[in-house]
Amino acid sequence: MQIERLRFLIVWGLLISFSPTLAQSDCSQIGKSGHFSVKYKKRARLMDVCDCPNLTSLKLNQWKFPELPECALNNETLKEISFFTCSMRTVPESLKEAVFVETLDFTGSEIFELPSWIGDLPALKTLILTRTNVYDLPEYMGQIETVDMRHTGLSKEKQDELEERYPYITFYFNAPCNCE
(Lines give C-alpha, C1' and ligand atoms only; values in the text may rest on other atoms or scores of the structure.)
Protein backbone atom coordinates (compact mmCIF):
# COMPACT_ATOMS: atom_id res chain seq x y z
CA MET A 1 0.00 0.00 0.00
CA GLN A 2 2.84 2.40 0.88
CA ILE A 3 4.55 1.67 -2.46
CA GLU A 4 1.35 2.49 -4.38
CA ARG A 5 0.98 5.74 -2.45
CA LEU A 6 4.61 6.65 -3.13
CA ARG A 7 4.19 5.80 -6.82
CA PHE A 8 1.11 8.04 -6.96
CA LEU A 9 2.96 10.95 -5.34
CA ILE A 10 5.87 10.62 -7.75
CA VAL A 11 3.60 10.48 -10.81
CA TRP A 12 1.47 13.34 -9.50
CA GLY A 13 4.63 15.40 -8.93
CA LEU A 14 5.75 14.75 -12.48
CA LEU A 15 2.33 15.72 -13.80
CA ILE A 16 2.42 19.02 -11.96
CA SER A 17 6.04 19.85 -12.76
CA PHE A 18 5.67 19.32 -16.52
CA SER A 19 2.16 20.74 -16.90
CA PRO A 20 1.22 24.04 -18.46
CA THR A 21 0.18 26.40 -15.71
CA LEU A 22 -3.18 28.06 -15.33
CA ALA A 23 -3.23 31.15 -13.14
CA GLN A 24 -4.15 30.10 -9.60
CA SER A 25 -6.93 32.66 -9.40
CA ASP A 26 -8.07 32.17 -13.00
CA CYS A 27 -11.26 30.20 -12.58
CA SER A 28 -12.43 31.59 -15.94
CA GLN A 29 -10.86 28.47 -17.51
CA ILE A 30 -13.95 26.63 -16.30
CA GLY A 31 -16.46 28.81 -18.11
CA LYS A 32 -20.07 29.66 -17.36
CA SER A 33 -21.23 26.05 -17.56
CA GLY A 34 -19.11 25.01 -14.58
CA HIS A 35 -17.60 22.12 -16.55
CA PHE A 36 -13.88 21.41 -16.73
CA SER A 37 -12.35 18.54 -18.66
CA VAL A 38 -8.95 17.08 -17.94
CA LYS A 39 -7.31 14.73 -20.40
CA TYR A 40 -4.19 12.91 -19.34
CA LYS A 41 -2.57 13.62 -22.68
CA LYS A 42 -2.99 17.38 -22.23
CA ARG A 43 -1.58 17.24 -18.69
CA ALA A 44 -3.91 20.03 -17.54
CA ARG A 45 -3.36 21.27 -14.02
CA LEU A 46 -6.34 20.06 -12.07
CA MET A 47 -4.85 21.50 -8.88
CA ASP A 48 -5.23 25.03 -10.29
CA VAL A 49 -8.97 24.80 -10.83
CA CYS A 50 -10.28 22.33 -8.28
CA ASP A 51 -10.82 25.06 -5.64
CA CYS A 52 -12.77 27.31 -8.00
CA PRO A 53 -16.24 28.18 -6.73
CA ASN A 54 -17.75 27.84 -10.21
CA LEU A 55 -16.54 24.24 -10.73
CA THR A 56 -19.61 21.99 -10.87
CA SER A 57 -18.53 19.20 -13.21
CA LEU A 58 -15.14 17.54 -13.54
CA LYS A 59 -14.57 15.29 -16.53
CA LEU A 60 -11.45 13.17 -16.15
CA ASN A 61 -11.24 11.69 -19.63
CA GLN A 62 -8.63 8.94 -19.88
CA TRP A 63 -7.41 9.82 -16.37
CA LYS A 64 -4.44 7.62 -15.47
CA PHE A 65 -4.00 8.35 -11.78
CA PRO A 66 -5.36 6.26 -8.92
CA GLU A 67 -6.53 9.10 -6.67
CA LEU A 68 -7.96 12.60 -6.89
CA PRO A 69 -6.51 15.68 -5.20
CA GLU A 70 -8.13 16.58 -1.90
CA CYS A 71 -9.14 20.03 -3.11
CA ALA A 72 -11.45 18.49 -5.74
CA LEU A 73 -13.05 16.20 -3.20
CA ASN A 74 -13.75 19.01 -0.71
CA ASN A 75 -15.19 21.44 -3.27
CA GLU A 76 -18.80 22.10 -2.22
CA THR A 77 -19.81 23.23 -5.72
CA LEU A 78 -18.47 20.10 -7.47
CA LYS A 79 -21.55 17.97 -8.16
CA GLU A 80 -20.37 15.60 -10.91
CA ILE A 81 -17.18 13.63 -11.52
CA SER A 82 -16.81 11.65 -14.74
CA PHE A 83 -14.12 8.99 -15.23
CA PHE A 84 -14.95 8.52 -18.92
CA THR A 85 -12.85 5.75 -20.49
CA CYS A 86 -10.38 5.72 -17.62
CA SER A 87 -8.16 2.68 -17.38
CA MET A 88 -9.00 1.98 -13.75
CA ARG A 89 -10.09 -1.39 -12.42
CA THR A 90 -11.24 -0.16 -9.01
CA VAL A 91 -13.03 2.92 -7.77
CA PRO A 92 -10.51 5.38 -6.26
CA GLU A 93 -10.46 5.15 -2.47
CA SER A 94 -10.21 8.94 -2.29
CA LEU A 95 -13.82 9.22 -3.51
CA LYS A 96 -14.90 8.39 0.05
CA GLU A 97 -14.24 12.07 0.72
CA ALA A 98 -16.44 13.34 -2.14
CA VAL A 99 -19.35 14.14 0.16
CA PHE A 100 -20.86 16.84 -2.09
CA VAL A 101 -20.81 14.88 -5.36
CA GLU A 102 -24.26 13.96 -6.68
CA THR A 103 -23.24 12.09 -9.86
CA LEU A 104 -20.40 9.64 -10.50
CA ASP A 105 -19.91 8.56 -14.10
CA PHE A 106 -17.69 5.56 -14.82
CA THR A 107 -18.71 5.15 -18.50
CA GLY A 108 -16.24 3.02 -20.39
CA SER A 109 -13.91 2.48 -17.44
CA GLU A 110 -12.57 -0.98 -16.62
CA ILE A 111 -14.10 -1.24 -13.14
CA PHE A 112 -15.84 -4.51 -12.35
CA GLU A 113 -17.03 -3.90 -8.79
CA LEU A 114 -18.26 -1.01 -6.69
CA PRO A 115 -16.88 -0.58 -3.18
CA SER A 116 -19.19 -1.27 -0.24
CA TRP A 117 -18.89 2.38 0.87
CA ILE A 118 -20.37 3.85 -2.33
CA GLY A 119 -23.80 4.11 -0.67
CA ASP A 120 -22.28 6.05 2.23
CA LEU A 121 -21.69 9.13 0.06
CA PRO A 122 -24.41 11.42 1.44
CA ALA A 123 -25.14 13.47 -1.69
CA LEU A 124 -24.73 10.73 -4.32
CA LYS A 125 -27.93 10.37 -6.35
CA THR A 126 -26.79 9.04 -9.74
CA LEU A 127 -24.35 6.29 -10.72
CA ILE A 128 -23.52 5.82 -14.39
CA LEU A 129 -22.00 2.41 -15.07
CA THR A 130 -22.54 2.28 -18.84
CA ARG A 131 -20.04 0.09 -20.70
CA THR A 132 -18.38 -1.15 -17.50
CA ASN A 133 -17.92 -4.67 -16.20
CA VAL A 134 -20.09 -4.07 -13.13
CA TYR A 135 -22.73 -6.78 -12.89
CA ASP A 136 -23.82 -6.37 -9.29
CA LEU A 137 -24.24 -3.62 -6.69
CA PRO A 138 -23.26 -3.40 -3.01
CA GLU A 139 -25.87 -4.29 -0.43
CA TYR A 140 -26.26 -0.71 0.83
CA MET A 141 -26.96 1.92 -1.82
CA GLY A 142 -27.83 4.86 0.47
CA GLN A 143 -29.53 7.82 -1.22
CA ILE A 144 -28.82 6.66 -4.78
CA GLU A 145 -31.89 7.19 -6.97
CA THR A 146 -30.67 6.33 -10.46
CA VAL A 147 -28.27 3.71 -11.83
CA ASP A 148 -27.50 3.54 -15.55
CA MET A 149 -26.25 0.05 -16.48
CA ARG A 150 -26.73 0.18 -20.24
CA HIS A 151 -24.30 -1.77 -22.41
CA THR A 152 -23.15 -4.03 -19.58
CA GLY A 153 -24.54 -7.27 -21.00
CA LEU A 154 -26.77 -8.08 -18.03
CA SER A 155 -29.21 -10.94 -18.45
CA LYS A 156 -32.95 -10.37 -17.98
CA GLU A 157 -32.76 -12.38 -14.74
CA LYS A 158 -30.00 -10.15 -13.36
CA GLN A 159 -31.88 -7.00 -14.38
CA ASP A 160 -35.02 -8.25 -12.63
CA GLU A 161 -33.01 -9.22 -9.54
CA LEU A 162 -31.49 -5.73 -9.25
CA GLU A 163 -34.86 -4.03 -9.68
CA GLU A 164 -36.39 -6.29 -7.03
CA ARG A 165 -33.49 -5.81 -4.59
CA TYR A 166 -33.51 -2.01 -4.98
CA PRO A 167 -37.13 -0.94 -5.64
CA TYR A 168 -36.31 2.70 -4.78
CA ILE A 169 -33.72 2.96 -7.58
CA THR A 170 -34.59 3.78 -11.19
CA PHE A 171 -32.48 1.55 -13.43
CA TYR A 172 -31.59 2.04 -17.07
CA PHE A 173 -30.76 -1.16 -18.95
CA ASN A 174 -30.47 -2.15 -22.60
CA ALA A 175 -32.39 -5.11 -23.92
CA PRO A 176 -31.07 -8.06 -21.92
CA CYS A 177 -28.37 -10.23 -23.37
CA ASN A 178 -29.17 -13.84 -24.21
CA CYS A 179 -26.12 -14.96 -22.29
CA GLU A 180 -25.87 -18.45 -20.90
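Side notes on the structure shown:
- Filter result for the condition that a residue is under 13 Å from the mean Cα position of the chain (by Cα) and surrounded by 15 or more Cβ atoms within 10 Å (Cβ to Cβ), over 154, 137, 121, 162: 121
- Considering segment 63-87, and only residues there that are modelled with pLDDT under 75 and out of contact with any Asp or Glu (no Cβ under 9 Å at 6 or more places or on another chain), the residue that is farthest from residue 148 (Cα to Cα) turns out to be 69.
- When segment 100-123 is filtered for residues that are of a type in the set (S, T, N, Q) and farther than 14 Å from residue 147 by Cα, the ones remaining, listed by number, are 109, 116.
- Any hit, segment 147-162, residues being β-branched (Val, Ile, Thr) and farther than 18 Å from residue 175 by Cα: no
- Residue 95 being surrounded by 15 or more Cβ atoms within 10 Å (Cβ to Cβ), modelled with pLDDT of 90 or more and closer than 24 Å to residue 168 by Cβ: no
- Count of residues meeting criterion [crowded, with 17+ Cβ neighbours inside 10 Å and touching a helix residue (DSSP H, G or I) at 6+ places or on another chain (Cβ under 8 Å)] in segment 102-117: 1
The values are calculated or read from the model by the stated rules, or taken from the named source; none is laboratory data. The shown structure was predicted, so the numbers you read here are calculated from the model rather than taken from an experiment. Counting neighbours? That spans all protein chains shown, and the Cβs are built from the backbone with ideal geometry, glycine included.
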